[in-house]
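Asker: Below you'll find the structure I mean.
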Ligand SMILES: Cc1cc2nc3c(=O)[nH]c(=O)nc-3n(C[C@H](O)[C@H](O)[C@H](O)COP(=O)(O)OP(=O)(O)OC[C@H]3O[C@@H](n4cnc5c(N)ncnc54)[C@H](O)[C@@H]3O)c2cc1C
Ligand SMILES: NC(=O)c1ccc[n+]([C@@H]2O[C@H](COP(=O)([O-])OP(=O)(O)OC[C@H]3O[C@@H](n4cnc5c(N)ncnc54)[C@H](OP(=O)(O)O)[C@@H]3O)[C@@H](O)[C@H]2O)c1
Ligand code: HEM
């Protein structure tokens, strides 16, 4: 008898169903990689394991303590059967329909591509053996993870199925194996579960694409503006600068832009809420998606900023820098000249280094708090204080560092080679916009309205209000 499952909740009470009493003996169809690993773990956890195989007497070495039989015999000896066979070979199971009637079949299969078949593998299995109770599960684990026990990457097991009892029997086994079980509802969720292992860092895709796109753009922009310009106009080959100087411009520029892109969606969201006068309307999808990948945007930006810091460390030992320094000193000795100490220059360089260091320190703090082991011990308020308040301070320091680096170069015509702005000037556009918009949001009248909206207050349309009054 199968009950339809409506909720995602999992009952924590011990089972008193037949599944609980019969779970001592479990059956696995297929003696391949997953079947063997699963059998070994099940046996180590205290279950008896029997394999259903095409060649029970010559299927190779099985985990000690387990035995192999024909599919028919194995199916009859257990109530729960793990089908560790590729979907392409499911057809033969149809002939076992009488033996599998009333059994719980766990479909662990995955596909090589999304949408390979019109229906999910688990639904196909259910169609082949309508008398069985199919549960999709364990497919997100690898044979390797099963052999080595739950690790950080694979502590979770997803299950879905139409029969609550069957699902509970599977959940109990998974829990005994040490996994955390997430119930995804009925068997219609099977396709979603089968797609999970095919995803490759989905939430990193957009930030990495953005970082690659921006890096490529600024690399070619600065190549033309600095290296090719010098070659064409001054007849000087400074292509060696590509390795260190150019890279040390591209990385911090892209990092600063990406850092500001972490905070831009929050500002847009705040203005949307102010405009709509309510927080109860959904944000557009693109904004939702943008907000959801801010962590990854931030971490990629941090990686690029770290590269900038490492590149900066090698500046004094670079051949080009040492050569320029020595040549300058020699020419001064020859001409018997000394440059006067420039206090403004000392202020400028010290300030931009120190502000850069402070910015980088806070950047690291944001990165550290985003580690699950750290964020788990912080309260929501503490996490939000660091990520939001100190995050804006980080953006401010990094932007200020870049403004100080530019100093009076903004006013020098030589900065605009071939009418192209220096890279750092371009990098200042988005962060400056974000900081100005944030300042506007901090104005007392705006801030108080936003706070009220976030506490649930809604602005009502005076026209609608009048109509309501007239009606009442
Ligand atoms: C190195 C690094 C690591 C990062 N790690 C993480 C991370 O681990 N996790 C993460 O999420 N981000 C991370 N980020 C991104 C960023 O720091 C955070 O997303 C930060 O919280 C954004 O702050 P915010 O003020 O713009 O947004 P939020 O505080 O999220 O606010 C955004 C919008 O949400 C709405 N909102 C906020 N509070 C309320 C409320 N009480 N009621 C109703 N609506 C509300 C408002 O519309 C607001 O404008 C990281 C960034 C960096 C640089
Ligand atoms: N390997 C993993 O890490 C992993 C992870 C998650 C999910 N999965 C899924 O688990 C299932 C098994 O994967 P696997 O890696 O263990 O595959 P495998 O090593 O190829 O083993 C499959 C087993 O299926 C049986 N089999 C093969 N052809 C058959 C046929 N024509 N008819 C009946 N049985 C046949 C064989 O067992 P007998 O010779 O004993 O009959 C074979 O050992 C697949 O659906 C896969 O998507 C695997
Ligand atoms: C330890 C911290 C830091 C130090 C010591 C430092 C130092 C420097 C130096 C020496 C330069 C000039 C490089 C050159 O002459 O080519 C520079 C430029 C720059 N820095 Fe930093 N920096 C630090 C952190 C940061 C951080 C966290 C950011 C933010 C992303 C950042 C953004 C920039 C930008 C955008 C430039 C201009 C690049 C260009 O176009 O030349 N810096 N920094």
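The values are calculated or read from the model by the stated rules, or taken from the named source; none is laboratory data. Just so we're clear, the structure is a prediction, and the values are computed from it rather than from any experiment. Backbone-built Cβ (ideal geometry, glycine too); neighbour counts: all protein chains shown.
Asker: Among the candidates 169, 189, single out the residue that is part of a helix (DSSP H, G or I) and in contact with a helix residue (DSSP H, G or I) (Cβ under 8 Å, 6 or more places away or on another chain).
Answerer: Testing whether each residue is part of a helix (DSSP H, G or I) and in contact with a helix residue (DSSP H, G or I) (Cβ under 8 Å, 6 or more places away or on another chain) leaves just 169.
Asker: Next up: Condition first: within 14 Å of ligand 3 (Cβ to nearest atom) and either over 29 Å from residue 365 (Cα atoms) or part of a helix (DSSP H, G or I) (or both). Can you find one or more residues in the range 265-286 that meet it?
Answerer: no
Asker: Here's another thing I want to ask about it. Are there any strands (runs of 3 or more DSSP E) wholly within the range 29-143 with 1 or more residues that are assigned by TED's automatic domain parsing to the domain that holds residue 167, modelled with pLDDT of 95 or more and under 26 Å from residue 162 (Cα atoms), and if so which?
Answerer: Numbers: elements: 48-52, 67-69, 80-83, 104-107, 133-137.
In the range 29-143, 48-52, 80-83, 104-107, 133-137 are the strands (runs of 3 or more DSSP E) which contain 1 or more residues that are assigned by TED's automatic domain parsing to the domain that holds residue 167, modelled with pLDDT of 95 or more and under 26 Å from residue 162 (Cα atoms).
Asker: Could you please let me know if residue 190 is in the same structural domain as residue 85 (by TED's automatic domain parsing) and under 23 Å from residue 89 (Cβ atoms)?
Answerer: yes
Asker: Next up: For the range 61-110, give me each residue that is touching a residue at least 60 places away in the same chain (Cβ under 8 Å) and under 19 Å from residue 146 (Cα atoms).
Answerer: Passing the criteria: 80, 106, 107, 108, 109, 110.
Asker: Among the residues of the range 304-311, is any assigned to a helix (DSSP H, G or I), away from ligand 1 (no atom under 16 Å from the Cβ) and either under 22 Å from residue 242 (Cα atoms) or under 25 Å from the mean Cα position of the chain (by Cα) (or both)?
Answerer: Yes, that holds for at least one residue.
Asker: While we're on this one: Scan the range 430-451 and give yes if some residue there is more than 16 Å from ligand 2 (Cβ to nearest atom), in a helix (DSSP H, G or I), in the same structural domain as residue 344 (by TED's automatic domain parsing) and more than 36 Å from the chain's Cα centre (by Cα), otherwise no.
Answerer: Scanning the range 430-451, I find at least one residue that is more than 16 Å from ligand 2 (Cβ to nearest atom), in a helix (DSSP H, G or I), in the same structural domain as residue 344 (by TED's automatic domain parsing) and more than 36 Å from the chain's Cα centre (by Cα), so the answer is yes.
Asker: What residue, of 255, 230, is in a helix (DSSP H, G or I) and free of Cβ contacts under 8 Å to residues at least 12 places away in the same chain?
Answerer: Result of the check over 255, 230: 230.
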